[in-house]
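Take a look at the structure below.
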Amino acid sequence: MRKELTEVEIKQIKEEIKFRQEETTPKCIAEVQRTRALGDLSENDEYRSAKRELNRNYSRIRYLKAMLDGAVIITDESDEFTIGLFDRVTYFDEEEEEEVTITLVTPLRNDVLKGNISKDSPLGKALMGRKEGDRVQIRVNEQYSYFVKIISLEKGMDSESFGAIH
């Protein structure tokens, strides 16, 4: 599966890699050296903790670099009347009988508690490309689906305000 990232996400990832390499790594190495000097390594919990933190940092850098490797830049190409990436959508959930407002985001920025729903989720996939007034079936799996009616669409754009990447 190809990795789809926006330009803002790529920028955030590169900034985090740089910060971890230039700020976090030297601090972690210094802490490992400091705790190593405390004595017997077999009973030195501070040293083991410092090593673990350094390894977590290296692991995160590898993960972020892997995300960039082969990434494809995506953009929103929807028109002003069609739901696309980063748009704020209000719909009526017929089953729950309530209005819900969400923002469609990339999988990296998915945060259900903030109303940021992945474009790749069943809801996101069903809403992408639709318009105000459409009644849409959301197929969660083979056995379960439900209907929503799109009430309003507010066009959005990519922004760092959607939060940090996961």
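The values are calculated or read from the model by the stated rules, or taken from the named source; none is laboratory data. Bear in mind that the values here come from a model prediction, so they are computed numbers and not experimental data. Note that each Cβ is placed from the backbone with ideal geometry, even for glycine, and that neighbours are counted across all protein chains shown.
I'm trying to understand the selection: among the residues of region 120-160, which are under 24 Å from the mean Cα position of the chain (by Cα), more than 13 Å from T103 (Cα to Cα) and in a loop (DSSP other than H, G, I, E, B)? Matches in region 120-160: G129, R130, V140, N141. Can you tell me which residue among I73, I150, I138 is modelled with pLDDT under 95, touching a helix residue (DSSP H, G or I) at 6+ places or on another chain (Cβ under 8 Å) and of a type in the set (V, I, T)? The conditions single out I73. Being assigned by TED's automatic domain parsing to the domain that holds G115 and within 26 Å of S152 (Cα to Cα): is that true of E95 here? Against the criterion (assigned by TED's automatic domain parsing to the domain that holds G115 and within 26 Å of S152 (Cα to Cα)), E95 qualifies.
Of the residues making up region 46-62, those that are within 24 Å of the chain's Cα centre (by Cα) and either basic (K, R) or modelled with pLDDT under 95 (or both) number 3. Give the residue that is surrounded by the most Cβ atoms within 10 Å (Cβ to Cβ), with candidates limited to residues of region 40-87 that are hydroxyl-bearing (S, T, Y) and touching a residue at least 24 places away in the same chain (Cβ under 8 Å). Out of the qualifying residues, it is S78.
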